[in-house]
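Here is the structure we will look at, set down as structure tokens.
The values are calculated or read from the model by the stated rules, or taken from the named source; none is laboratory data. Bear in mind that the values here come from a model prediction, so they are computed numbers and not experimental data. A quick note on method: Cβ atoms are made from the backbone with ideal geometry, for glycine too, and the neighbour counts reach across all protein chains shown. Keep in mind that these areas ignore ligands, DNA and RNA; they rest on the heavy atoms of the full protein, side chains included. Shrake-Rupley method; radii C 1.70, N 1.55, O 1.52, S 1.80 Å.
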Amino acid sequence: MQHHSPRHLDPRAPLVLNTKDLPRSPGTMRTLRRTVPAPEGLGLELIGVPGGTDLALDLRLESVSEGVLVSGTVTGRIEGECGRCLRPVRATLEVPIQELYAYEHSTTDETTDEDEVGRLQGDLIDLEPALRDAVVLALPTHPLCRDDCPGLCPECGAHWDDLPDDHNHEQADPRWAALSRLEKE
Ligand SMILES: [Zn+2]
Ligand SMILES: [Zn+2]
């Protein structure tokens, strides 16, 4: 019976957690360490976790009165482009994750929306939506190759790092030249 979610969970899917071994009595817990391939599209426009790269899950599954609390960290490699100079950005991302999943037919199940509190399907938990939210929230919206990246010369597109200090472009219009002389004074 699947009236809670149209998506049938595959217990062997990497981001599906099986709680069969976790007794349904509050206070019991299990740890779960697993390395899974990152799902596709995990990230933002400029930066994200490349699909198929290793994501390390280090999780604690804890029985609470009406469900299972999943908490821990997700660690993976992020790749992207510097928002100022377009050079590649690579870093390791370690994201905390914490999500409550209610048992089917529990009071929580009957009285909350599925987008407020997650749901178990039988013994199974689909971790992917919570994982996506946690990773995307932790990504820098303006990734930089380094904090003080000076970016590119708007005239020629060269990186300021590669240009001499006095790099400039001759101003064809004498009025602009006069203006830039004023700015330097
Ligand atoms: Zn940069
Ligand atoms: Zn230039």
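If you take the residues of the range 88-98 that are more than 16 Å from ligand 1 (Cβ to nearest atom) and surrounded by fewer than 16 Cβ atoms within 10 Å (Cβ to Cβ), which of them is farthest from residue 150 (Cα to Cα)? Per the stated criteria, the residue is 98. For first residues located in the range 95-109 and of a type in the set (S, T, N, Q), partners that are modelled with pLDDT under 90 and lie 6+ apart or on another chain with Cβ distances below 6 Å form the pairs 108/117. Any idea which residue in the range 56-81 is farthest from ligand 1 (Cβ to nearest atom), counting only those that are closer than 19 Å to residue 147 by Cβ and touching a Pro at 6+ places or on another chain (Cβ under 6 Å)? For the range 56-81, the residue satisfying everything is 79. Within the range 99-135, the set of residues being among the β-branched types (Val, Ile, Thr), at pLDDT below 95 and surrounded by 14 or more Cβ atoms within 10 Å (Cβ to Cβ) comprises 108, 112, 117. The number of residues in the range 27-57 that are open to solvent by 60 Å² or more (accessible area, probe 1.4 Å) and part of a strand (DSSP E or B) comes to 8.
Condition check for residue 178 on (1) within 30 Å of residue 40 (Cβ to Cβ); (2) open to solvent by less than 60 Å² (accessible area, probe 1.4 Å); (3) at pLDDT below 85: one failure, at (1). When restricted to residues that are more than 16 Å from ligand 2 (Cβ to nearest atom), within 24 Å of residue 161 (Cα to Cα) and open to solvent by 90 Å² or more (accessible area, probe 1.4 Å), the range 76-87 contains 0.
For the range 115-173, the tally of residues that are within 26 Å of residue 38 (Cβ to Cβ) and aromatic (Phe, Trp, Tyr) stands at 0. Looking only at residues that are in a strand (DSSP E or B), hydrophobic (A, V, I, L, M, F, W, C) and within 30 Å of residue 63 (Cα to Cα) in the range 119-172, which one is farthest from ligand 1 (Cβ to nearest atom)? Ranking the qualifying residues of the range 119-172, first place goes to 124. Cβ-Cβ contacts under 9 Å between residues 6 or more apart (or on different chains), taken from a first residue in the range 143-166 that is in contact (Cβ under 8 Å) with a residue 12 or more places away in the chain and more than 20 Å from residue 90 (Cβ to Cβ) to a second residue that is open to solvent by 70 Å² or more (accessible area, probe 1.4 Å) and more than 9 Å from ligand 1 (Cβ to nearest atom), are listed as 153/160; 153/168; 155/168.
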